[in-house]
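Here's the structure, in structure tokens; my notes come after.
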Amino acid sequence: MTAELVRGQNHPLSQSRLEIRISAGTPVAAAAALSDENGRIHGTEWVAHPGAPVQPGLEVSRQAAADHRLAVDLDAVTEAVHRVSVLLALPAANGGAGPARFGAVAAPFVAVTGLDGTEVASYTITGLDLESAVVALELYRRQGAWKVRAVGQGYAGGLAELFADQGLSEAAQLAAGIDEAVARGLARSVQAPPPRTSEGDRSRQAAAPAVGPDQGAAPQGAPGPVPPAYGGQPAGGQGQGGPQPAYGGATGPHASAGGGPVDYSHPRRQTSAPPPPPPAAPPAQPGQPTRPVAGDATGWSMEERLYNQVWGMFEDLARTAAAYRSAVDFAESRMDKELEQALSDPRSRIGGQGDAAREAARARYTQLVDQARASLDRDVAQLVVESEVVEPALPPAFARWDNPCWHAYRVPMEIPMALRLGDLRLPEAESIRIPMLLRLPLERGLWIDSGRTDSLDGSFTDSHDMRRLAMDTAVAHAARLLAVYPAGEFTVHVVDPAGSGAQALAPLTQTGVLAGPPAQGAAGVTEVLARLTQRVDLVQMALRGGAPDALPPGFDTSQQLLIVNDFPHGFDDRAVNQLRYLVDEGPSVGVHLMMVADREESAGYGPLLDPLWRALLRLTPVPDDHLADPWVGHAWTYEPPAVPHGSEVLREVLTQVAEARRTWNR
């Protein structure tokens, strides 16, 4: 029976090999610290964290995530260790995205389980407010036995204050190292699906700079609005800031809390038509599973339903693969334990008794693995059937280049919810590919890695081919961005100092969709970077001054994308600083960067460019297992979008985009 602990309560542990399962509702960094009988940490090597995830008896996640599984083997820790503390920290407390204090998120839940998943004790950490780091619970020795205690001690000063409180002299340095490791993990993670917005929030609006935090809008990367429940009220009566006051909740005579007029309408009165019901699945034959239907997820439009359905498939595959891996790990652990017990008895080493015990242990291992594989194969087969139904129904923004919908392409009148950047797959389920969808507008830039790499199939790709493939991938991404935006609302610039990308850029240059010819040479690079930097400055000044309409006449308010090829060749220190500025400040005002570069070639700049790479989403021109999900931390294999060989679909789409742009500018 599970013991539900409250702060300060303890519970005995009957097992030495355990899992600590954490559910926080928002990405958190998880760590585990070893300490002596006085609660002191003797050195950084006594802490398992994302930068050093494995220590004797401990293994933690390598990145920030909403859900974690920490492995603990109490028999493997040294005799000097008397406590194992489980630590949680919010990445945003040190400059990351998301909430910066635990009081702004749901209470984290921590459970101690056996390797078979049986819960031993659980603890919900309540009462937190300004704290950004917390000691969730601790496992401690008492008279030769181990117990678990619910702690819930928070620290407003973050991990540095937490480690200092536990006597670690290198507290600040270790906290900085953990922040660095978490930042690297976030830079290579697949974005979690953000809160779903209502259909009205995605309708085409006048192209204007986004309102900044000073004017009351949510900052870039903050959670979006909650879908209304048929009457403009947040579902369940809860908004992002907690319970919503009735009838506007104004504090003044005619002003709401946000400064606008009071809404005197009845909070439960339906003022808009409910969304049409999702498509119904045809009746299934007796004893047969229900056939999947495209768009049967929740949403106010078919596009939103398909988006939510794709993300549901992604989560289903992530969790079923995690269950399979956990079952295999348990089977291996059980077999090792049974073999160890069989060999520990000297009498079983002679004769057939030991051989029989070993064969029985291996047979039980095979049985458990086969059962887990059968469950995985069943779930994957269902997802394959669903994918075969969903893929043909996807709109152009979500579809592959070989989807027939591109042959009926027309320039859209509305900005879509998201954009497909490629496919994701796992090694346990090679038969299914999940579309990788990224919400629009982009929240961070893209980095197409042109570095030398070995393909997953064992083939070798040299540096010249990698640069060509990387530029082809960048052009495909840029073409898709141009295709899914309404005419005149997306502009692409190219910086190609040495002209090495001319062949790959031909579809963009020949169709006339670029804002101008690719900039070449030092003068061209300087001119483009100076113009975009000035644009960011002007929009920021207008927003900070509360006058977004005071921009110069004829100012281009469309989203801007800068493709940078062959970095760092042809870029001086000033250009490098301008690129970093555009990466940091550009997305909030509609300026985005797409770097085509090899990180190793820029090593001459030292750590100066590390923040730049971490701020970009790394994609590759060949399949590579470098992306991680925010739930269970799987290493997903990313496959870039590929235009079918010999197909003219990309040029045909870009030709329509160019014609629509010319019509728009008349």
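Each label point is 7 Å from the Cα along the Cα-to-Cβ direction; what then is the distance between the points at Ser431 and Met541, in nm?
That separation, rounded to one decimal, is 6.2 nm.
Obtain the radius of gyration and the Kirkwood radius of the stretch 540-600 from its C-alpha atoms and give Rg over Rh. Mind showing how you got there, number by number?
Details: Rg = 14.2 Å, Rh = 13.4 Å.
Ratio of gyration radius to Kirkwood radius: 1.06.
Between Ser16 and Asp549, with labels modelled 7 Å along Cα→Cβ, what's the label distance in nm to one decimal, could you check?
Result: 7.4 nm between the two label points.
Of the listed peptides 315-323, 522-530, what is their order by residue-averaged count of other C-beta atoms within 10 Å, with the highest listed first? Before the final figure, lay out each step's value.
Working: 315-323: 19.1, 522-530: 16.8.
Final packing ranking: 315-323, 522-530.
Tell me, what ³J(HN,Hα) does each residue in the stretch 523-534 have, in order and in whole Hz, if you take phi through Karplus 6.51 cos²θ - 1.76 cosθ + 1.60 with θ = phi - 60° and put x for Gly and Pro?
5, x, 4, 4, 5, 5, 5, 5, 5, 6, 4, 5
May I ask you to give the solvent-accessible area per residue for the stretch 548-666, in square angstrom, as obtained with a 1.4 angstrom probe? Could you put the intermediate results ahead of the total?
Values: 5110 Å² over 119 residues.
Dividing the accessible area of the stretch 548-666 by its residue count gives 43 Å².
Carbon and sulfur together cover what percent of the accessible area of the stretch 122-171 at a 1.4 Å probe radius? Don't jump to the answer; show the numbers that get you there.
On the way: 860 of 1990 Å².
The value for the stretch 122-171 is 43 percent carbon and sulfur by accessible area.
Taking the solvent-accessible surface of protein heavy atoms with a 1.4 Å probe, what is the per residue accessible area of the stretch 329-455 in Å²?
Working: 6410 Å² over 127 residues.
Solvent-accessible surface per residue comes out at 50 Å².
Could you list which residues have their amide H under 5 Å from that of Ala418, counting only those 5 or more apart in sequence or on another chain, with H placed in the peptide plane?
Close amide H contacts, sequence-distant or interchain: Leu440.
Between Leu438 and Arg325, what length comes free when the chain is fully extended (0.36 nm per residue of separation minus the Cα-Cα distance, one decimal in nm)? Mind dumping the intermediate values first?
Values: separation 113, 0.36 × 113 = 40.68 nm, distance 2.73 nm.
My answer for the length gained is 38.0 nm.
I'd like to check one number: the per residue accessible area of the stretch 1-90, probe 1.4 Å, reported in Å² as a whole number. Mind dumping the intermediate values first?
Details: 3870 Å² over 90 residues.
Result: 43 Å² of accessible area for each residue.
Using just the C-alpha positions of the stretch 321-414 as equal point scatterers, what log10 of I(q)/I(0) does the Debye formula give at each q in 0.10, 0.14 1/Å?
-0.52, -0.69
Between Glu119 and Arg364, what is the spin-label point distance in nm, taking each point 7 Å from the Cα along the Cα→C-beta axis?
Output for this residue pair reads 2.7 nm.
In what sequence, highest mean first, do 167-178, 128-139, 297-308 appear when ranked by Cβ atoms within 10 angstrom?
Numbers: 167-178: 18.4, 128-139: 21.6, 297-308: 20.1.
Packing proxy ranking, top to bottom: 128-139, 297-308, 167-178.
Once you have the Cα-Cα distance between Lys337 and Gln9, take 0.36 nm times their residue separation minus that, and quote the gain in nm to one decimal. Kindly include the intermediate steps, with their values, before the conclusion.
Working: separation 328, 0.36 × 328 = 118.08 nm, distance 3.13 nm.
Net length gain for the segment: 115.0 nm.
Roughly speaking, to the nearest percent, how much of the stretch 530-582's 1.4 Å accessible area is carbon and sulfur? Let's see the in-between values first.
Details: 1270 of 2500 Å².
Carbon with sulfur: 51 percent of the solvent-accessible area.
Please compute the length gained on full extension between Asp377 and Asp75, using 0.36 nm multiplied by the number of residues separating them and subtracting their Cα-Cα distance.
Working: separation 302, 0.36 × 302 = 108.72 nm, distance 3.52 nm.
Full extension from Asp377 to Asp75 adds 105.2 nm.
Considering amide H positions built from the backbone, and no H for Pro or chain starts, which residues 5 or more places from Ala156, or on another chain, come under 5 Å of its amide H?
Ser132
The values are calculated or read from the model by the stated rules, or taken from the named source; none is laboratory data. Please read all numbers here as calculations on a predicted model, not as lab measurements. Don't worry about glycine lacking a Cβ; one is built from the backbone with ideal geometry, like all the others, and counts go over all protein chains shown. SASA here: full protein model, heavy atoms, side chains in, ligands and nucleic acids out. Shrake-Rupley method; radii C 1.70, N 1.55, O 1.52, S 1.80 Å.
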